[in-house]
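The values are calculated or read from the model by the stated rules, or taken from the named source; none is laboratory data. Everything numeric here is computed off the predicted structure, so don't read it as measured data. Cβ coordinates were reconstructed from backbone atoms using ideal geometry, including for glycine residues, and neighbour counts include every protein chain displayed.
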Amino acid sequence: MTSRGYSAGGLLAALALVAACGGSGEADSESTLTLYTCVSDTTIEPVIEQFEQDNPGISVDLFRAPTGDLNARIASDVRSGGLQADVIWACDPLTMQDYVDQGIVGGWTPDSDVPANLRTGDYVGVAILYMVTVSNNDVEPPRAWSDLTGDEYAGGVAVPDPAFAASALGALGYFAQDPDYGIEFYADLEENGAEQVSTPDDVVIGVAEGVYPAGITIANSAYAAQEGGSPIETVWPEPGAIAIYGPAALSTDAADSKPAKDFLSYIAGEDGQRLIADSGSYPAQDGVPGPTMPADAPIVFPDWASVAAEKDQLLEEHQQIFGG
């Protein structure tokens with residue numbers, strides 16, 4: 001986290017610096033903020049690099065891990081005396097709301113053009129994941145989510161683990177809410193031979209290698225593999241790709257940290273949003289060009305409040321279907 005303590009010699013140096021600056025109250029010339037995130041390296045590294053270039057004297061300490069491991073790190077911090085991050089950039093609003101409910105993040109968000117449905121008073125959406133289907137070129141691509149339970153895909157649709165991947169939890173919540181699917185959709189998939197893997201990236205790899213005929217994954221992972229030559233096809237199936245927004249929030253212990261607030265303002269602002277898009281993630285702001293998206297692509301949104309109320313039950317039911 002941003003340094004708040006000095007040795008005796010460091011304290012004298014800090015006081016001399018304040019005096020030289022006329023006691024302006026600005027941040028120290030060298031500041032560090034700690035960022036925890038589940039966002040891919042291909043997105044987060046360019047964002048950090050540009051932010052540090054635009055803000056000389058501020059460096060970003062990064063801890064990056066899948067949502068399940070990120071939760072474990074945060075729980076360990078809390079047990080050991082407090083969150084060690086100044087900013088958390090999560091991959092879904094359910095995970096972030098859990099942090100708010102624990103009192104470890106929230107209380108401030110920057111001014112931004114991010115739409116109201118992608119923000120709250122405690123966190124702001126900065127990127128969007130779209131859950132889509134991916135299929136090997138040896139099979140007919142599914143055109144609707146329900147196609148995945150058909151004979152064409154018997155013996156192996158790859159499904160990411162909602163207890164490990166935030167995007168998969170969002171998809172589980174959406175299907176459970178939709179009366180045309182319900183939790184029974186996962187039971188039908190399993191009965192048709194579907195297998196659970198850890199992450200959406202594992203889905204793409206397995207489908208590309210021919211281990212699975214098709215799977216459920218995130219659009220930017222699928223398109224990246226396609227562009228790299230993988231023999232797969234990406235489809236935004238009916239009734240729609242499932243949109244899961246990734247929010248960022250300020251640690252409550254960093255409420256007075258200017259570097260942390262500056263970083264949040266940057267990733268929620270137009271310059272940061274354009275960089276997020278250029279790095280391969282879908283931006284949260286309307287009007288910022290993003291990665292590949294079919295014209296008139298169908299998109300659906302989970303009811304996050306309902307998903308939050310049912311999350312534990314949904315995960316238990318999913319575990320009963322797939323085990324593990």
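Numbers below:
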item	result
Candidate set: region 78-103, residues that are without any contact (Cβ under 8 Å) to a residue 60 or more places away in the chain and of a type outside the set (D, E, K, R); chosen: the one nearest to Trp304 (Cα to Cα)	Gln102
Region 150-163, subset more than 18 Å from Val197 (Cβ to Cβ) and free of Cβ contacts under 8 Å to residues at least 60 places away in the same chain, residue surrounded by the most Cβ atoms within 10 Å (Cβ to Cβ)	Gly150
Hits in region 132-179 (condition: small (Gly, Ala, Ser) and either in a loop (DSSP other than H, G, I, E, B) or within 14 Å of Tyr212 (Cβ to Cβ) (or both))	Ser135, Gly150, Ala154, Gly155, Gly156, Ala158, Ala163, Ala165
Residue in region 93-104 that is among the small types (Gly, Ala, Ser), over 20 Å from Ile276 (Cα atoms) and surrounded by fewer than 22 Cβ atoms within 10 Å (Cβ to Cβ) present	yes
So Thr95, is it assigned by TED's automatic domain parsing to the domain that holds Gly269 and either under 26 Å from Asp202 (Cβ atoms) or of a type in the set (Lys, Arg) (or both)	yes
Enumeration of residues in region 180-229 that are in contact with a Gly (Cβ under 8 Å, 6 or more places away or on another chain), in a helix (DSSP H, G or I) and either among the small types (Gly, Ala, Ser) or not assigned by TED's automatic domain parsing to the domain that holds Gly156 (or both)	Gly206, Ala224
Helices (runs of 4 or more DSSP H) contained in region 1-81 and holding at least 1 residues at pLDDT 85 or above and under 24 Å from Ser279 (Cβ atoms)	41-54, 67-79
